[in-house]
C-alpha cells in the first residue's frame, strides 16, 4: 500500500472543504426558510412562498419584506463578518481563544456607537453610514491599547498576556458604558440596554446597505490574504524564513479583522462568542488551511447567528429574546470547554 502524496492529501482536503461548503449552504437555506416563517405574526410556508412571488396581501408583504427579510439578511452578514474576524485574530495572535468579543474589540466599537446615540439629538435622523466608521475608530483604538499593554520588550506579545489584557480592557470599557447609561434619558436607556444585550436593532434595508459594503470588500480581501494567514500561523521564525514581513502583514490583517468586527457590532450590538465558536467548528470540519477555513468559518458564523436570532424571535413572544443572549447561552459553555482544554 503506497503513501498518499502531499498533492493527493491537498486534493482530498479541498474536496472535503467543497462538500462541507455545499452542506452548510443547504443548511443555511433551510434555516433561512424556517426563519421567514417564525415570528409573532404567523406566516405559513405557503404564505411565504406566495408572498415572495408577489401573490401575498399587503399585511403579509409588509411583515416579510420590511421586517423579517432585512433582519434575516443582517443576521447572515453579521455572523459571517464576526466569524471571519475571529478566525483572522486567532491566526495573527496564534491564540485559539482569540475573539473580537473576548479581546474587547466589540466593547471598543460599542462604546463609540453608544456615545454617538447618547449625544446625538433624539429628534434628528442619524447618518447610518457613520456608525461603522465610528465603531471602527473605537475598535481600532481599543486594539492598539490592548497590544501596547500586552507587549513586552524582547518577548513581543504572548497569547496568554494578550487574552488577559483583552479581558481586562473589555471589563473596563463595560464599566464605563454602565456609568454612561446612568445619565441617559429613559428612551435612550432602553435602546442602550437592548443594544448591550445583542439585539439586531437595525432591522431594515438601510442598515443592510450600510453593512454590506464592508462585508463585500473586507471578506474577499481577507480571503486573498489566506496564504499569508497560513504562514503567520506557523510562527515568527518560519514566517521570516519564508520572506513574510510579519509586522506589516499583521497590521493589515488586524485592521481588516477589527473593521469587520466594528461594522458588524454597529448594527448588531454586543453579540459575542461568534468569532470564537465558528472558526473552531470550521477547523474541525476542514482543517487549518485558511483557503477553506475562512469561507467555512463565514458560513458557520452566518448559520449560528441566523439560528440564534430565529430562536430568540420564537420564544417569549412578542418581545422575543436578544440574539446575543441566545449566542451567549451556546458560547459561554464552549469557551469554558476550550479554556479547560488549553490548560491540559
What are the residue pairs meeting all of these: first residue in segment 24-46, first residue on the phi > 0 side of the Ramachandran plot and surrounded by fewer than 13 Cβ atoms within 10 Å (Cβ to Cβ), second residue assigned to a loop (DSSP other than H, G, I, E, B) and at pLDDT below 90, Cβ atoms under 9 Å, and 6 or more apart or on different chains?
none
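For segment 170-261, which helices (runs of 4 or more DSSP H) that fit wholly inside it have 1 or more residues that are touching a helix residue (DSSP H, G or I) at 6+ places or on another chain (Cβ under 8 Å) and closer than 25 Å to residue 323 by Cβ? So that I can check it myself, show each step before the final result.
Working: elements: 186-196, 205-224, 226-232, 236-241.
Where helices (runs of 4 or more DSSP H) fall fully within segment 170-261 and carry at least 1 residues being touching a helix residue (DSSP H, G or I) at 6+ places or on another chain (Cβ under 8 Å) and closer than 25 Å to residue 323 by Cβ, they are 186-196, 205-224.
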Scanning segment 317-328 for residues that are crowded, with 16+ Cβ neighbours inside 10 Å and more than 16 Å from the chain's Cα centre (by Cα), the one nearest to residue 163 (Cα to Cα) turns out to be 321
Looking at residue 281, is it surrounded by 19 or more Cβ atoms within 10 Å (Cβ to Cβ) and touching a helix residue (DSSP H, G or I) at 6+ places or on another chain (Cβ under 6 Å)?
no
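Within segment 83-119, can you find the residues that are out of contact with any helix residue (DSSP H, G or I) (no Cβ under 7 Å at 6 or more places or on another chain) and touching a residue at least 60 places away in the same chain (Cβ under 8 Å)?
As a first pass, look at segment 83-119 and keep what is out of contact with any helix residue (DSSP H, G or I) (no Cβ under 7 Å at 6 or more places or on another chain): 115, 119.
Selection gives 115 alone.
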Test residue 82 against the criterion of being modelled with pLDDT of 80 or more and under 30 Å from residue 143 (Cβ atoms), and give yes or no.
yes
Taking the conditions exactly as written (under 26 Å from residue 300 (Cβ atoms) and either touching a strand residue (DSSP E or B) at 6+ places or on another chain (Cβ under 7 Å) or not in a helix (DSSP H, G or I) (or both)), does residue 38 satisfy them or not?
yes
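Please verify whether segment 293-316 includes one or more residues that are in a loop (DSSP other than H, G, I, E, B) and surrounded by fewer than 24 Cβ atoms within 10 Å (Cβ to Cβ). Lay out the reasoning, then the answer.
Narrowing segment 293-316 to residues in a loop (DSSP other than H, G, I, E, B): 315-316.
Right, trim to surrounded by fewer than 24 Cβ atoms within 10 Å (Cβ to Cβ) and you get 315-316.
Yes, there is a match, as at least one residue in segment 293-316 is in a loop (DSSP other than H, G, I, E, B) and surrounded by fewer than 24 Cβ atoms within 10 Å (Cβ to Cβ).
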Residue 336, sole failed condition from (1) surrounded by fewer than 20 Cβ atoms within 10 Å (Cβ to Cβ); (2) under 20 Å from residue 87 (Cβ atoms):
(2)
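Every residue, every condition in (1) in contact with a strand residue (DSSP E or B) (Cβ under 8 Å, 6 or more places away or on another chain); (2) modelled with pLDDT under 80; (3) surrounded by fewer than 23 Cβ atoms within 10 Å (Cβ to Cβ), yes or no:
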position	(1), (2), (3)
7	no, yes, yes
17	no, no, yes
56	no, yes, yes
87	no, no, no
91	no, no, no
100	no, no, no
105	no, no, no
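So that you can scan it fast, the table gives a plain yes or no per residue for (1) surrounded by fewer than 17 Cβ atoms within 10 Å (Cβ to Cβ); (2) more than 29 Å from residue 94 (Cβ to Cβ); (3) over 18 Å from the mean Cα position of the chain (by Cα):
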position	(1), (2), (3)
177	no, yes, yes
181	yes, yes, yes
184	yes, yes, yes
236	yes, no, yes
Residue identified as buried (at least 18 other Cβ atoms within 10 Å of the Cβ) and not in a helix (DSSP H, G or I) among 331, 272:
272
The number of residues in segment 138-160 that are over 24 Å from residue 113 (Cβ atoms) and either modelled with pLDDT of 80 or more or not in a helix (DSSP H, G or I) (or both) is 9
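The values are calculated or read from the model by the stated rules, or taken from the named source; none is laboratory data. From a predicted model like this one, the values you see are computed outputs, not experimental measurements. Note: ideal-geometry Cβ built from the backbone for every residue, glycine included; neighbour counts use all protein chains shown.
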